[in-house]
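Every read-out reported here was derived from the displayed coordinates using simple, explicitly stated rules and does not represent laboratory data. Remember, it's a predicted structure, so these values are computed and weren't measured experimentally. All Cβ positions, even for glycine, are placed from backbone atoms using ideal geometry, and neighbour counts span all protein chains on display.
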Ligand SMILES: Nc1ncnc2c1ncn2[C@@H]1O[C@H](COP(=O)(O)OP(=O)(O)OP(=O)(O)O)[C@@H](O)[C@H]1O
Ligand SMILES: [Mg+2]
């Protein structure tokens, strides 16, 4: 039976009584559903590994509680938590065969020999290594992707309640990594073991997870499906971490219960945004805001109008189904170049050209400028 994992106001302060305490997890509270494939994603140092290690019991927490199902596991030692864990480095035993590597967790649990054989065979089939198992070499004689499969098999073989994966694909090359994303989803769906997958790569998190939690500096910024996070990011940080968001500097002109109107700095251009896409606490006239549009929510044209802003085309990248234009904007509007995606190559637009930038007004969102940086 799969189990849920719940965090209740979990705090972790490293070196709490020392000179340089680090508040690595701040009031983390959420629940992962039984059988869910859940991703923790965020920039380096945001607390992903700390949360995973705390879940496994390898790190004590400073305050708060953690549950597997209804059971409070906050103070239960790691070896009694029935956790499977996979690390970035694989951490296989080079002096043992792959059979013995996978069997290890069963041997420790004193499982009878015939059942060990059966379980190892089953799990190696699950991860697609049945042929390698017949040869049964040492893990050093396998490719990186195969070694990672052995590591996954080793973590799954004793039917853990929860499977924890910390950057499991980081040591693989780009192509294999993309392939293994789908493999991990397949294996997880087949076993239905509640799984937490840590990565700093937003694309990987979106591809792998049923749901994602975006962490920043120890705080859970937002939780949702890839679609929730991409379509309805709740703040500027999430919007620019899960996918790209271009920001115009602006100010709020008016607010009602239904709409807010914002003006792009130093221009007369205004946008009217429905209240559901206004992510400001207590908005009021005159507030400084960021006007956000994703690459596909802006467009370029040679035609100038009252609603356009002139920028300079820096780089044009043909990316298969779309073309990405990197545009330098006037510095008072944005110091960071915009990325604008067009369905097709604009034949008359070259790198170095001046170009007019427009918003698809019905798609635009407003954010508070706080915490925009990664
Ligand atoms: N043993 C430790 N003692 C003191 N501080 C630590 C310790 N381990 C981690 N930290 C700090 O806690 C914070 C969170 O670290 P953590 O390893 O959880 O980040 P992460 O999100 O896994 O990052 P990465 O993507 O780089 O692996 C960081 O500021 C880190 O420096
Ligand atoms: Mg880490």
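Miscellaneous remarks
- For segment 5-236, the share of DSSP beta bridges that are antiparallel, to the nearest 5, is 50%.
- Segment 166-213: C-alpha gyration tensor shape, a/c 1.5 cut-off, then a/b vs b/c: oblate
- Which of 93, 358 has the fewest Cβ neighbours within 10 Å, and the rest in rising order: 93, 358
- Each peptide in 148-156, 120-128, 162-170 gets a packing score, the mean of other Cβ atoms within 10 Å over its residues, and the list from highest to lowest is 148-156, 162-170, 120-128.
- Residue exposure sequence - 50, 195 - by fewest surrounding Cβ within 10 Å: 50, 195
- Degrees between helix 113-126 axis and first principal axis of the chain (Cα, 0 to 90, nearest 10): 20 degrees
- Relative contact order of segment 1-56, defined on C-alpha pairs under 8 angstrom at six or more residues apart (%): 34 percent
- Counting neighbouring beta carbons within 10 Å and listing from fewest to most, the residues 6, 75 come out as 75, 6.
- Fully extending the segment from residue 276 to residue 288 would add 2.5 nm, taking 0.36 nm per residue of separation and subtracting the current Cα-Cα distance.
- Centre separation in Å (Cα based) which lies between segment 329-348 and segment 255-275: 21 Å
- Per-pair calculated FRET efficiency, R0 = 30 Å: residue 310 and residue 257 via Cβ, rounded to 0.05: 0.25
- Gaussian network model of the chain, springs between alpha carbon atoms under 10 Å - residue of 41, 357, 22 with greatest fluctuation: 22
- Segment 116-250 - share of DSSP beta bridges that are antiparallel (%, nearest 5): 50 percent
- Between helix 144-156 and the chain: long-axis angle, C-alpha atoms, 0 to 90°, nearest 10: 70 degrees
- Largest GNM mean-square fluctuation across 347, 113, 26, computed for the chain with C-alpha springs under 10 Å, falls on 347.
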